[in-house]
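Taking it in order: structure first as structure tokens, then the write-up.
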């Protein structure tokens with residue numbers, strides 16, 4: 001008899017049951033929180049994408065900093081814009097969108113997570129590959145080689161999960 005009983009099934013338990021493995025999920029935008037590094041190196045907004053079973057993925061969107069190069073600034077702004085486009089937030093509302101606006105827009109989403117291994121440090125990172133409104137009319141963003149943001153996107157017309165881009 002094991003320490004926790006004969007039928008504990010410890011070996012079948014997930015190592016981290018709150019994280020999502022790679023895959024396609026239906027869910028919603030959950031908690032949104034802005035974090036400022038205590039050393040002043042960066043500021044980011046963490047957006048929880050919550051699957052229907054309550055597990056979540058945290059998308060980190062970095063804020064442009066005064067010390068950023070033009071390329072870094074544009075990359076950060078593009079990542080935020082593509083996320084907003086996936087939620088179909090109108091262009092005229094993007095600059096003034098609040099956390100409540102984003103949560104309301106993201107009440108029913110489909111998102112895909114994919115792990116990639118960095119060529120620079122050989123570490124594996126899980127990234128948001130695409131996001132759209134669950135009805136299938138949203139924009140879909142696809143991550144490129146970047147490990148810290150959303151890459152290129154394409155219009156999607158998926159009507160159900162089987163039509164969702166793979």
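Computed values, structure above
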item: Any chance residue 66 is part of a loop (DSSP other than H, G, I, E, B) and farther than 20 Å from residue 135 by Cα; result: yes
item: When residues of the stretch 89-118 are limited to those that are part of a loop (DSSP other than H, G, I, E, B) and touching a residue at least 12 places away in the same chain (Cβ under 8 Å), the one farthest from residue 32 (Cα to Cα); result: 118
item: Residues of the stretch 37-47 classified as surrounded by fewer than 16 Cβ atoms within 10 Å (Cβ to Cβ) and assigned to a strand (DSSP E or B), total; result: 2
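Every number in this text was worked out from the coordinates using simple rules, so none of it is lab data. These numbers come from a predicted model, not from an experiment. Note that each Cβ is placed from the backbone with ideal geometry, even for glycine, and that neighbours are counted across all protein chains shown.
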